Amino acid sequence: MTIKTNGKMALVIGATGGVGGAIAARLVQDGWQIKALNRDPESAARRAPLKGLTWVKGDAMDAASVLAAAVGVSLIVHGANPPGYKNWKGTALPMLESSIAAALAHDARLFFPGTVYNYGPDAGAAVAEDAPQNPKTRKGAIRVAMERRLVESGVKTLILRMGDFFGSASAGNSWFAQGLITPGRVPRSVTYPGPHDVGHAWGYLPDVAEAAVRLIAREGELGRFEAFHFGGHWLAPGVEMANAIRRVLGIPNAPIRRLPWWAIRLIAPFNETMREMLEMRYLWQRPLRLTNAKLVRFLGAEPHTPLDMAVAATLKTLGSLPMQEGEKAGPALRAA
């Protein structure tokens, strides 16, 4: 029996992650059939129990399995990232090559979530889509190479670039979950990684996913290669994110502690994740704001959840919001 998809079948690579999971869930709401690629589908289904997904066994590093999984799709969401910042050089480009080959073979649009890693100091404080990409870091150079490869391949590409993301229990690699609070615990203090007065860009994942799906729905109006910047929550001063956490928790006078960069520096020579975190410190030391004029012109408005509402939802999904009377503890809170 042939399943009628009306062209709305997608392959999501990285559905257990923050960005991939959020976009997969929003696509399901929009009537898409989703195939989610994972090396261990049963385990993935337990870790990311998203409704409406069909888990498919495969490895993003194996072009043949990605190609087979992409049969019948018109969209490939490439949300794969090396976990814990590890081995970007050895895995990021090969995984993308698998998605490019599958998208070209099946004439599918490839959605690629962009980052601010691409930009160096010469990009300025307010960054549009045509800003120069001259990064000073290893991960930034890899991200630039990935986007250059997308252009060179000729694959139909849609990039939506955002700042640091928050808003999902699956976003384990996020600064919100790893740098500001401890998931599974109700905070008594908040950590902040940068100078309080330096602005910082955040992307709330449900808003990012909403914007992504609205763009995808207008496939006929997109060029072969399209890139949009998502403004999200631009917080100046940047410490406003810590203040929002304190407001939501009802502890407005709780301490805001500094991230111990000195300890990260000591560990970095022996720990790849710490070394990569240290490399990205510059994003906390100077402002880098993504300007979203192109996105607003195209969509009419950018999806935007008020900050405190977004922070409250994020803390709840991470098991870091006090339970209400009669509410049962989720897995994250029980594990604390």
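The values are calculated or read from the model by the stated rules, or taken from the named source; none is laboratory data. Owing to the predicted nature of the structure, the values given are computational and were not obtained by experimental measurement. Here the Cβ positions follow ideal geometry from the backbone for every residue, glycine too, while neighbour counts run over all protein chains shown.
Tell me, yes or no, whether the stretch 243-263 has at least one residue that is at pLDDT below 95, in a helix (DSSP H, G or I) and either on the phi > 0 side of the Ramachandran plot or surrounded by 16 or more Cβ atoms within 10 Å (Cβ to Cβ) (or both).
No; the residues of the stretch 243-263 include none that is at pLDDT below 95, in a helix (DSSP H, G or I) and either on the phi > 0 side of the Ramachandran plot or surrounded by 16 or more Cβ atoms within 10 Å (Cβ to Cβ) (or both).
With respect to Gly72, determine if the residue is surrounded by fewer than 24 Cβ atoms within 10 Å (Cβ to Cβ), in a loop (DSSP other than H, G, I, E, B) and at pLDDT 95 or above.
Details: surrounded by fewer than 24 Cβ atoms within 10 Å (Cβ to Cβ): yes; in a loop (DSSP other than H, G, I, E, B): yes; at pLDDT 95 or above: yes.
Against the criterion (surrounded by fewer than 24 Cβ atoms within 10 Å (Cβ to Cβ), in a loop (DSSP other than H, G, I, E, B) and at pLDDT 95 or above), Gly72 qualifies.
For the stretch 1-61, list the strands (runs of 3 or more DSSP E) that sit wholly inside it and hold at least 2 residues that are closer than 22 Å to Trp88 by Cβ, of a type in the set (A, V, I, L, M) and within 19 Å of the chain's Cα centre (by Cα); which are they? Spell out how you get there, then give the answer.
Values: elements: 9-13, 33-38, 53-57.
Counting at least 2 such residues, we get 9-13.
Conditions tested, residue by residue: (1) buried (at least 17 other Cβ atoms within 10 Å of the Cβ); (2) at pLDDT 95 or above; (3) touching a Ser or Thr at 6+ places or on another chain (Cβ under 6 Å).
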{"site": "Asp122", "(1), (2), (3)": "no, no, no"}
{"site": "Gln133", "(1), (2), (3)": "yes, yes, no"}
{"site": "Val151", "(1), (2), (3)": "no, yes, no"}
{"site": "Thr157", "(1), (2), (3)": "yes, yes, no"}
{"site": "Met162", "(1), (2), (3)": "yes, yes, no"}
{"site": "Ala171", "(1), (2), (3)": "yes, no, no"}
{"site": "Gln178", "(1), (2), (3)": "yes, no, no"}
{"site": "Gly194", "(1), (2), (3)": "yes, yes, no"}
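Pairs, please: C-beta under 8 Å, at least 6 apart or cross-chain, first residue touching a residue at least 60 places away in the same chain (Cβ under 8 Å) and part of a helix (DSSP H, G or I) and in the stretch 201-222, second surrounded by fewer than 24 Cβ atoms within 10 Å (Cβ to Cβ) and of a type in the set (Lys, Arg)?
If the second residue must be surrounded by fewer than 24 Cβ atoms within 10 Å (Cβ to Cβ) and of a type in the set (Lys, Arg), the pairs left are Pro206/Arg26; Ala209/Arg26; Glu210/Arg26; Ala212/Arg26; Val213/Arg26; Ile216/Arg109; Glu219/Arg109.
Kindly evaluate Val77 against the criterion of being over 23 Å from Ala209 (Cβ atoms) and at pLDDT 95 or above. Can you show your working first?
Numbers: over 23 Å from Ala209 (Cβ atoms): no; at pLDDT 95 or above: yes.
Spelling it out, it is not the case that Val77 is over 23 Å from Ala209 (Cβ atoms) and at pLDDT 95 or above.
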